[in-house]
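Since every read-out is calculated from the coordinates, none of them should be taken as a lab result. Remember, it's a predicted structure, so these values are computed and weren't measured experimentally. Here the Cβ is made from the backbone with ideal geometry for all residues, glycine too, and neighbour counts use every protein chain on show.
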Amino acid sequence: MISNSDAEISVGEPTEAYLDLVRAFPLRPIQSDEEHDRAIEIVNGIADRKGRTLPGEHDYFLVLCFLIERYETEIYGEPKDEDVE
């Protein structure tokens, strides 16, 4: 359990579905285009299941999306206003 003066957060045991994803592609900073491509494949595979994810998979999905965005920002820079639709 994580605790601070304002709130307590209970962290449960990771599910097998989550651990399978972590074994397939560990959640760590993306270091190469090859890792980026693999991360995109995994995110697309989870997204294609449209709400039929198992417990823990959604959390993995969100963190992997963050790591992809971080890598893309490091490589390509922040998008300009005219690049955002």
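Worth a mention:
- Residue among Ser32, Tyr76, Ala47 farthest towards the positive dipole end of the range 29-77, charges placed on Cβ: Ala47
- Coarse-grained scattering of the range 29-77 at q = 0.12, 0.20, 0.24 Å⁻¹, given as base-10 log I(q)/I(0) from a Debye sum over alpha-carbon atoms: -0.26, -0.65, -0.85
- Label separation (Leu27 vs His58): 1.4 nm, computed from points 7 Å beyond Cα along the C-beta direction.
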